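Let me begin by presenting the structure, written as structure tokens, before commenting on it.
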Amino acid sequence: MVVTGRAVLLAGIAVVAVAFSGSLGPWAAAVAVAVLVLLVALDVLLAASPGGMRLTRAGDTSLRLGDTATVEVSVANPTRRRLRGAVRDAWPPSAHAEPRVRPLSVDAGERRRVATELTPTRRGDARAAGVTVRTLGPLGLAGRQRTLTAPWSVRVLPPFHSRRHLPGKLSRLRQLDGRHTAMVRGQGSEFDSLRDYVPGDDVRSIDWRASARNDGVVVRTWRPERDRRILIVLDTGRTSAGRVGDTPRLDHAMDAALLLAALAGKAGDRVDFLAYDRRVRAQVKASGRGSQVHRIVEAMAPLEAELLESDPAGMASAVLTAQGRTRSLVVLLTDLNAAALEDGLLPRVPALTSRHLLLVAAVRDTAVAEMAAGRGDAGAVYRAGAAERTLGERRRVTAELRRAGVEVVDAEPEHIAPALADAYINLKAQGRL
Amino acid sequence: MTAPSPEAPAAGSPAARPDSAARRFWRAARFPAVLAAALVTVSVLMSLGGEQFPTGHLEPRSVSPDGTRALVNVLREDRDVEVARSSADAAAAVGAADDAVLVVFLDHRLLPAELDRLAALDVDTVLVRPSVRSLSAFAPGVEMTGRELPRDYLERPLDPNCDLPAARTAGPAYVHGELYTAGPGTGAVGCYPAGAGDALVQVSGGDTTTTVLGNGDPWTNRLLDRGGDAALALNLLDAETVVWLRPDPPREEGTATLAELLPAGVLWSLLPLAAGLALLVVWQGRRMGALVHESLPVVVRASETTEGRAGLYRSRKARDRVADALRSGFLDRHSARLGMGPDAPREAVVAAVAERTGGDPGAVEALLYPKGADPYAADDDGLLRLAAELDERSRRLR
């Protein structure tokens, strides 16, 4: 049951009326209360039943973080009474659903659509919590309310800010591909096709044997190796929960992983994805050709860093099972945390590098660099010392990994995505994939 | 930071509410309930064994200095004491007793008609500081002629100076107060003379006597043990039954409660007002659906451990470690620029740094590889100097 301000106003009028009723007080009071109760009860009874409403949903099912999605609830009124009241489509607070409550009027037998705009501030699945329908009686004094379930969920995808780097990296890739410059055979390229010589082609690429069999001069074209396999491994353990700037390391890593996946997809490589801490949190296996980015984005959306120590041994075996015997580039997005890596990952590196090429990418913390540069008073120097120690350990781990034959990309949050893309392009140019 | 696990029910479904309304109510109400129970228990325990004594001037049950409980208890050792609160009670008590003495206090609280009725009783009467109206009713011809209550009266008791056995045997007493003079022909005996009259006057009429005492203070708990005060009281109240009349203040008449003064309608309007308040509570208290809960992400800075370590260094004054970290940071950053590998011998590094940045190789060695006690790690100022010198050499190396 609900009552409105109108009922309270009516009660106020009754109070004044009884106060001035003089000797008729007892009677006036009884009549006033009886009328009040009667009217409120009548209104409750005459209000359309909120439980009788039929709800159906429509609208967006996914959006990128920072965008706005619209989800509609259509309220059908199969009862014989007119629905007059309000409706609230409830979402978790981080979904920032607007408007919160809106007035609603649906005639008997009709339906009306109610749109709610979501501007989520968190990645992951936003689930509708329920639709509260409040119906008022004909007098507008009181009514009924019911919360109905109308399940819907909107997947909030990672924002993929590094998209803006994609055109630049793609043009670098095309240079490598030979579409911009002369097709020169180099390391990391494979035979593509034979075609007729056109003036301007490098004479060194003429295939004399094929030319002998043909009328004209035939040149060989080369292209970078294709159909290489790339496995992007996202560490979702505790070190990924730490925030660099305002964003967790995990989200920076996702951004870099998405740029790499998009780039590798365009370059014709097969991209697999694995999220791991102590068990597999998400996995995408490349199916056929074409970009896997949308699937990886979907898989990433609900991932959150777990507050537990990652298990590098399990991660290594998961990688080995995922990739089988095919040589591939394994990109591990984690933190260069000395304690975690020296105990966990380094002993497993030989097992991985014997079969695959391992690349470790990590987000450097700008706050630590700022601390290391801090001077002025004793406190700042102590902080600088602690920061230098962190940086020193990071350098040591990087050196150890490089000695073990691992590629390391260590960059600030805003540079990690392009740096990882560059590392990939360089590996490709060197034919090391 | 918890990812929504698949088995978690959707928010808003009944299972998502952690407990029922009754549990919630109990959780909200249990603390106030326990508090109220504790308060009641404590107040009951404190009231047990605590006896309430009434207070008031000359009150026979009062233990305060101006009460007369002491005298009443002394009297009760060998005679009955009937405490009366109204003239009717007093008259009844007098009528029931064979041998009684009526002692009247605070008689200004009695109506003239009641005074006349009491005066008509055939009984010995002691009036303590009577009103003028009372004096004329009980002892006509005796008048109040003065008042004497000097500041130092407790050092100067009054002497009886009369033939009244009760007063004479009692001896000097502290009966200062109102003074009376009996008119001629009343046959009155005056005792304890002081200035303008006598503090005690006894009038005999027929077989009863009326004694007028100017002040009740000598019989209070405070003064009863002084001089002849107690003896005077015992002598004057010499009967089998002492009827002790201390009338309650007369009840006011013609007053009305607030409820009687208000028009009936206003009172009755409280009923719809209560209904209106209940409606107000429901109107404002009813939510549009339940609150939606959501697990919040953990917010922890990645630099937290580094900052924690800085705090540890500072609190433990680990200057040697800070100095080591600063030096190795400097060497790591510049060894490549100096053309040195990570395993380059110290002498080579020192020589290269000294050559590129100027200065004495000895000073550079002390800066980078101190022997024995580190001069820079002695105090915080040393650490600041180390940082400044390393920065200066970094600048020159660039």
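Taken together, the values in this text are just the output of simple stated rules run on the coordinates, not laboratory data. Just so we're clear, the structure is a prediction, and the values are computed from it rather than from any experiment. Reconstructed Cβ throughout: ideal geometry from the backbone, glycine too, with neighbour counts over all protein chains shown.
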Given 20 °C and 1.002 mPa s, compute D for chain A with the Stokes-Einstein relation, Rh being the Kirkwood radius over Cα pairs; round to the nearest whole µm²/s.
80
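Summing +1 for each Lys or Arg and -1 for each Asp or Glu, what net charge is found among the other residues whose Cβ lies under 11 Å from the Cβ of A:E309? Each step should come with its number before you reach the end.
Working: positive: A:R238, A:R278; negative: A:D235, A:D277, A:E306, A:D311, A:D343.
Neighbourhood net charge equals -3.
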Could you work out how far the C-alpha centroid of region B:243-296 sits from that of region B:375-391, in angstrom?
75
With only helices counted (DSSP H, runs n ≥ 4, each -39500 (n - 2.57)), the per-residue ellipticity at 222 nm for chain B, to the nearest 500, works out to -12500 deg cm²/dmol
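For every helix of n ≥ 4 consecutive DSSP H residues, a contribution of -39,500 (n - 2.57) applies; sum these over chain A, divide by its total residues, and give [θ] at 222 nm rounded to the nearest 500 deg cm²/dmol. Mind dumping the intermediate values first?
Numbers: 11 runs with 148 residues, N = 433.
Mean residue ellipticity at 222 nm (helix-derived): -11000 deg cm²/dmol.
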Ranked highest first by the average count of other Cβ atoms within 10 Å around their residues, in what order do A:192-201, A:141-150, B:70-79 fall?
A:141-150, B:70-79, A:192-201
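Add +1 for every Lys or Arg and -1 for every Asp or Glu among the other residues with Cβ under 14 Å from the Cβ of A:P78, and state the total. Please report the intermediate quantities before stating the final value.
Working: positive: A:R54, A:R80, A:R81, A:R82, A:R111, A:R112; negative: A:D107, A:E110.
Neighbourhood net charge equals +4.
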Hey, what did chain B get for relative contact order, percent, Cα under 8 Å, at least 6 apart?
15
Tell me, rounded to the nearest percent, the portion of alpha carbon pairs in region B:33-113 spaced more than 23 Å apart.
44
Where q = 0.08, 0.11, 0.18, 0.19 Å⁻¹, what log10 of I(q)/I(0) comes from the Debye formula for region B:69-245, counting one point per Cα?
-0.21, -0.41, -1.19, -1.33
Phi-derived 3J(HN,Hα) across region B:31-46 with the Karplus relation (6.51, -1.76, 1.60, θ = phi - 60°), rounded Hz, x for Gly and Pro, is 5, x, 5, 4, 4, 4, 4, 5, 4, 4, 4, 5, 5, 5, 4, 6
Once phi is turned into ³J(HN,Hα) by the Karplus curve 6.51 cos²θ - 1.76 cosθ + 1.60 with θ = phi - 60°, what whole-Hz value does each residue of region A:100-107 show in order, with x for glycine and proline?
6, 10, 9, x, 9, 9, 10, 6
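What ranking of A:M315, A:M371, B:M340, A:M254 emerges when the number of other C-beta atoms within 10 Å of each C-beta is taken as an exposure proxy, fewest first? It would help to have the intermediate numbers written out before the result.
Details: A:M315 26, A:M371 23, B:M340 16, A:M254 29.
By the 10 Å Cβ count, ascending: B:M340, A:M371, A:M315, A:M254.
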Springs between alpha-carbon pairs under 10 angstrom, Gaussian network model over chain A: which of A:R403, A:R243, A:R295 fluctuates most?
A:R403
Cα extents of chain B along the three principal axes, largest first (Å)
142, 65, 39
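What is region A:1-157's relative contact order, in percent, from Cα pairs under 8 angstrom and six or more apart in sequence? Could the numbers behind the result be given before it?
Values: 356 pairs, mean separation 45.9, N = 157.
Normalised by residue count, the contact order of region A:1-157 is 29 percent.
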Relative exposure of B:K371, A:K285, judged by other C-beta atoms within 10 Å (fewest first)
B:K371, A:K285
Note down, for region B:310-397, the three equivalent ellipsoid semi-axes (square root of 5 times each alpha carbon gyration tensor eigenvalue), biggest first, whole angstrom.
23, 13, 12
What does the structure give for A:6-15 when I average, per residue, the other chain Cβ atoms found within 10 Å of the residue Cβ?
6
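Just the C-alpha atoms of the protein assembly as shown: what Rg/Rh do they give, with Rh taken as the Kirkwood radius? Before the final figure, lay out each step's value.
On the way: Rg = 52.1 Å, Rh = 38.8 Å.
A ratio of 1.34.
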In Å, the Kirkwood hydrodynamic radius from C-alpha pairs for region A:229-429 sits at 17.1
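Can you give the relative contact order of chain A as a percent, counting alpha carbon pairs under 8 Å and 6+ residues apart?
Numbers: 866 pairs, mean separation 55.3, N = 433.
Answer for chain A is 13 percent.
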Fewest-first ranking of A:D60, B:D99, using other Cβ atoms within 10 Å as the exposure measure:
B:D99, A:D60
Helix B:304-316 versus the longest principal axis of chain B: what angle, 0 to 90°, nearest 10, using Cα atoms?
70
With the dipole of region B:241-322 defined by +1 on each Lys or Arg Cβ and -1 on each Asp or Glu Cβ, the option from B:L270, B:T306, B:V242 whose Cα lies farthest towards the positive pole is B:T306
Compute the angle between helix B:319-335 and the longest alpha-carbon principal axis of chain B, please, reported from 0 to 90 degrees and rounded to the nearest 10.
30
Over the Cα atoms of region B:242-398, each weighted equally, I'd like the Debye log10 I(q)/I(0) at q = 0.13, 0.19 Å⁻¹, rounded to two decimals.
-0.82, -1.20
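Can you give the net charge of the other residues whose Cβ lies under 10 Å from the Cβ of A:M371, counting K and R as +1 and D and E as -1? Write out the running numbers ahead of the final one.
Details: positive: A:R383; negative: A:D365, A:E370, A:E388, B:E307.
Local net charge: -3.
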Rounded to the nearest 20 debye, dipole of chain B from Cβ charges on Lys, Arg, Asp, Glu
3780
Starting from the amide H of A:R278, placed 1.01 Å from N in the peptide plane, find each other amide H under 5 Å away whose residue is 5 or more places distant or on another chain.
A:D311
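What translational diffusion coefficient, in µm²/s and rounded to a whole number, does the Stokes-Einstein relation yield for region A:311-410 at 25 °C and a viscosity of 0.890 mPa s, taking the hydrodynamic radius as the Kirkwood radius over Cα pairs? Before the final figure, lay out the partial values.
Values: Rh = 14.7 Å.
Here the translational diffusion coefficient equals 167 µm²/s.
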Could you give the angle, 0 to 90 degrees to the nearest 10, between helix B:87-96's Cα long axis and the longest principal axis of the Cα atoms of chain B?
60
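Can you pull out the GluC sites (Glu not before Pro) in region B:229-310 whose DSSP state is coil and whose Cβ has at most 12 other Cβ atoms within 10 Å?
Sites meeting the loop and neighbour criteria: B:E240, B:E252, B:E253.
Once you sort the root eigenvalues of the Cα gyration tensor of region B:283-341 as a ≥ b ≥ c, which label holds: rounded (a/c under 1.5), prolate (a/b larger than b/c) or oblate (the other case)? Could you put the intermediate results ahead of the total?
Numbers: a/c = 7.83, a/b = 2.93, b/c = 2.67.
It is prolate, given that a/c is not under 1.5 and a/b is the larger ratio.
Mean Kyte-Doolittle hydropathy of 0.0 or higher plus an axial Cα length of 15 Å or more: which whole DSSP H helices in chain A meet both?
Details: long enough: A:5-19 (21 Å, 2.17); A:25-46 (31 Å, 2.38); A:166-177 (16 Å, -0.63); A:249-266 (26 Å, 0.71); A:312-323 (16 Å, 0.84); A:378-403 (37 Å, -0.73); A:413-429 (25 Å, 0.21).
Correct list, ordered by number: A:5-19, A:25-46, A:249-266, A:312-323, A:413-429.
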Of the candidates B:D238, B:D107, B:D332, which one comes out as most mobile in a Gaussian network treatment of chain B with C-alpha springs shorter than 10 Å?
B:D332
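Take the Cα atoms of region A:1-157, build their convex hull, and give its volume per residue in Å³.
On the way: hull volume 15.5 nm³, N = 157.
Given the Cα convex hull of region A:1-157, per-residue volume reads 98 Å³.
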